[in-house]
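Presented below is the structure to which this report refers.
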């Protein structure tokens, strides 16, 4: 296997423990899986990590195939699944999500190889490759969790001073907590969206205009990735069950003063799953 494919498939074990602490992630995925998986279903999880999402699926499914490439995680998830109910329904496979074909048709596919901007991890490439393999062996189309993704970019002014140390670096933000270091200079603008069950490209590219609504100094762009896990039935009162990756603050090479009614031109083009350094936006303006 080449290194570019391995990138994003070997998340350190301790990071998987941190994901268990992410209440927004856990509750959203449990609600989505409970909504989609029906009693008696067969489920496949690509990149199963600690096995928690397969565990959610096994609460209703007849059979769950859980594929994980990281051998340390395979061993750890086997230990954890033995401590929980329904572990007998889950078949844990040490294998490559890029190559695995289930032994029978599946009703639902879960794949959470997600990173803000769809960078680093291989969500798009893994699902695209799986669909191609699956169609060669089986008829029909499984349901995917997540169902869709919507990505947006937002102009911001960010404070990169840390105890007088100036460090304009790529930074992450909690998506559900207001960061006092960031001033929003305009609304988020959608630049990319797709449905996993349908054909899509493997790059994220955009060129467009962003409007400025607040006076300030534009010195960064904030990238937002909203994962729509499932569209909810009308009687639930919620249109969708979704989960946000951490926001990503990308500093600009040159800062610029802006005021309301200004517009700026923004462009970028990067392959999904590429390193963070592949996201290098070009910003010009005010126009």
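The values are calculated or read from the model by the stated rules, or taken from the named source; none is laboratory data. These figures come from a predicted structure and were not determined experimentally. Note that we place each Cβ from the backbone using ideal geometry, even for glycine, and neighbour counts take in every protein chain shown.
The criterion of being buried (at least 22 other Cβ atoms within 10 Å of the Cβ), at pLDDT 95 or above and outside any helix (DSSP H, G or I) holds for residue 109.
Where strands (runs of 3 or more DSSP E) sit wholly within the stretch 245-287, those with at least 3 residues that are in the same structural domain as residue 216 (by TED's automatic domain parsing) and over 15 Å from residue 223 (Cβ atoms) occupy 247-258, 263-271. Just to be sure I understand, how many residues within the stretch 239-256 are out of contact with any helix residue (DSSP H, G or I) (no Cβ under 8 Å at 6 or more places or on another chain) and surrounded by 12 or more Cβ atoms within 10 Å (Cβ to Cβ)? The qualifying residues number 7.
Rundown of residues vs (1) in the same structural domain as residue 249 (by TED's automatic domain parsing); (2) surrounded by fewer than 22 Cβ atoms within 10 Å (Cβ to Cβ); (3) more than 28 Å from residue 236 (Cα to Cα); (4) in contact with a helix residue (DSSP H, G or I) (Cβ under 8 Å, 6 or more places away or on another chain), yes/no style:
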| position | (1), (2), (3), (4) |
| --- | --- |
| 18 | no, yes, yes, no |
| 21 | no, yes, no, no |
| 31 | no, yes, no, no |
| 34 | no, yes, no, yes |
| 37 | no, no, no, yes |
| 58 | no, no, no, yes |
| 63 | no, yes, no, yes |
| 78 | no, yes, yes, no |
| 96 | no, yes, yes, no |
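For the stretch 112-138, the candidate set comprises residues that are part of a helix (DSSP H, G or I) and closer than 16 Å to residue 151 by Cα; within that set, the residue that is farthest from the chain's Cα centre (by Cα) is 124. Checking each residue in the stretch 212-238 for being assigned to a strand (DSSP E or B) and closer than 20 Å to residue 251 by Cβ picks out 216, 217, 218, 219, 220, 221, 222, 223, 224, 225.
Residue 176 satisfies every condition listed in (1) over 28 Å from residue 259 (Cβ atoms); (2) part of a loop (DSSP other than H, G, I, E, B); (3) out of contact with any helix residue (DSSP H, G or I) (no Cβ under 7 Å at 6 or more places or on another chain) except (3). Quick check on residue 209: is it crowded, with 16+ Cβ neighbours inside 10 Å and either part of a strand (DSSP E or B) or on the phi > 0 side of the Ramachandran plot (or both)? For residue 209, the condition - crowded, with 16+ Cβ neighbours inside 10 Å and either part of a strand (DSSP E or B) or on the phi > 0 side of the Ramachandran plot (or both) - is not met. Scanning the stretch 181-195 for residues that are over 22 Å from residue 162 (Cα atoms) and part of a strand (DSSP E or B) gives 189, 190, 191, 192, 193, 194, 195.
The residues of the stretch 164-196 that are surrounded by fewer than 13 Cβ atoms within 10 Å (Cβ to Cβ) and either over 18 Å from the mean Cα position of the chain (by Cα) or not assigned by TED's automatic domain parsing to the domain that holds residue 223 (or both), listed by number, are 164, 165, 166, 167, 169, 177, 178, 180, 187.
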